[in-house]
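Below is one structure; the comments refer to it alone.
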Amino acid sequence: MVNEPWNLYWHGDNLASCIARQFAGSERAIAGLWQSLAAQLNESARVLDLACGNGAVPLSLLQANAGLDICGVDQADIDPLRFLSGQQALASVRFMPGIDICELPFADGSFDAVTSQFGLEYAPLQTAIESAARVLVRGGKLQLLMHHGNSDISRSSAARRGEIDRLLEEDGLVCSTETYVAGRLSLAALESRGEAFLQDTRDKTRDLSGQIMTGIDMIVTEMKTQPAVARERLVNMKRRLEAEGQRLRQLSDAALDEGRAAQAQTWMEQAGLRIDLFQAFTIADAEAEEVLIGWQVSGERS
Ligand SMILES: C[S@@+](CC[C@H](N)C(=O)[O-])C[C@H]1O[C@@H](n2cnc3c(N)ncnc32)[C@H](O)[C@@H]1O
């Protein structure tokens with residue numbers, strides 16, 4: 001299945017995927033980028049959001065300009081109106097799953113604006129840029145927020161990947177539970193591996209290690225009375241964890257360091273885009289520390 005990790009993610013009722021450290025200003029500041037673009041566009045302007053996921057960008061755009069005619073495409077099996085709760089505001093958006101940015105099914109010059117939030121760079125970048133430029137009308141606007149190799153998002157996802165790798169390693173908690181379920185490891189041995197994992201001083205989070213440990217407790221209990229249910233829980237748990245690891249790996253592969261950002265800007269200009277802004281986008285957290293979110297790019301089809 002195309003991009004299984006993202007299918008699982010979007011089916012899981014998540015509005016956005018890559019929001020930096022959770023503090024009040026971060027989502028608001030990112031939404032503000034899209035709202036100020038929307039405010040510059042005519043009512044009923046045609047907007048294409050590339051790699052739209054569950055529609056975070058369309059939602060922000062519509063908050064500032066409810067008349068926009070927005071289409072969102074993504075390679076994953078997206079359907080926000082089905083998988084996302086409470087987002088009727090997205091009812092006017094045409095979402096198209098299974099669409100590769102590099103093979104957009106639109107005629108040249110079909111859109112007045114093209115947007116992408118942590119999306120374009122997941123596709124082969126030069127082709128994706130050419131594709132985005134092709135579907136823009138002359139004078140049409142391009143606005144992107146792209147992953148930065150040193151961003152808060154990139155750094156926290158690397159830490160999260162490390163935690164997933166530890167959970168999935170041989171003799172780690174998940175494999176040990178598989179061995180226990182197969183009857184080749186005693187409960188006492190599984191428990192002592194659990195203890196060792198807890199005593200390991202490397203970072204553990206409640207929503208990853210915490211959830212896995214809770215899941216393992218349930219599996220151990222279910223093994224006594226409903227072993228088939230326990231086995232199914234374990235298979236699902238491992239599948240989700242592996243998918244999350246793959247999703248985070250894609251994120252780090254997509255992120256642009258300074259050199260790749262410069263290369264991207266050259267490709268944009270070669271594709272007929274006039275780039276007005278290509279810079280690091282930062283916001284201040286509650287302690288007034290600068291937090292790097294990504295690359296902010298805006299320009300126009302010449
Ligand atoms: C980090 S998510 C961003 C989603 C959304 N823009 C957001 O900010 O919440 C990256 C998305 O890129 C999509 N994607 C990856 N490669 C793609 C491609 N070649 N064509 C279209 N979408 C792609 C994935 O399916 C995923 O939904």
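The values are calculated or read from the model by the stated rules, or taken from the named source; none is laboratory data. Given the structure is predicted, the values throughout are model-derived calculations rather than measurements. Methodologically, a virtual Cβ is constructed for each residue, glycine included, from the backbone with ideal geometry; neighbour enumeration extends over all protein chains shown.
Listing for the model above:
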{"quantity": "Contacts under 7 angstrom Cβ, first residue in segment 1-17 being among the aromatic types (F, W, Y), partner in a loop (DSSP other than H, G, I, E, B) and modelled with pLDDT of 80 or more, 6 or more apart", "calculated": "W6/A76; W10/G53; W10/N54; W10/A76; W10/I78"}
{"quantity": "Residues satisfying the stated conditions in segment 3-20, i.e. at pLDDT below 75, within 8 Å of the ligand (Cβ to nearest atom) and farther than 19 Å from D100 by Cα", "calculated": "C18"}
{"quantity": "Answer from L142, L208, L168 - the residue that is closer than 30 Å to I70 by Cβ, in contact with a Lys or Arg (Cβ under 9 Å, 6 or more places away or on another chain) and not polar (S, T, N, Q)", "calculated": "L142"}
{"quantity": "Positions within segment 250-302 being of a type in the set (S, T, N, Q), away from the ligand (no atom under 16 Å from the Cβ) and at pLDDT below 95, in sequence order", "calculated": "T282"}
{"quantity": "Filtered residue count, segment 62-83, keeping only those that are within 23 Å of I129 (Cβ to Cβ) and within 12 Å of the ligand (Cβ to nearest atom)", "calculated": "6"}
{"quantity": "Conditions (1) within 18 Å of A255 (Cα to Cα); (2) of a type in the set (D, E, K, R); (3) more than 18 Å from the chain's Cα centre (by Cα): number failed by R82", "calculated": "(1)"}
{"quantity": "Unmet criterion (only one of (1) away from the ligand (no atom under 15 Å from the Cβ); (2) of a type in the set (A, V, I, L, M); (3) farther than 20 Å from E130 by Cβ; (4) in contact with a helix residue (DSSP H, G or I) (Cβ under 8 Å, 6 or more places away or on another chain)) for A107", "calculated": "(3)"}
{"quantity": "Filter result for V47 (β-branched (V, I, T), closer than 25 Å to E4 by Cα and surrounded by 24 or more Cβ atoms within 10 Å (Cβ to Cβ))", "calculated": "no"}
{"quantity": "Failed criterion for D112 (all others in (1) within 12 Å of the ligand (Cβ to nearest atom); (2) under 13 Å from I70 (Cβ atoms) hold)", "calculated": "(1)"}
{"quantity": "Condition broken by S85, with the remaining ones in (1) more than 18 Å from V57 (Cβ to Cβ); (2) touching a Cys at 6+ places or on another chain (Cβ under 7 Å); (3) not charged (D, E, K, R) satisfied", "calculated": "(2)"}
{"quantity": "Qualifying residue in segment 21-33 (condition: within 13 Å of the ligand (Cβ to nearest atom) and outside any helix (DSSP H, G or I))", "calculated": "no"}
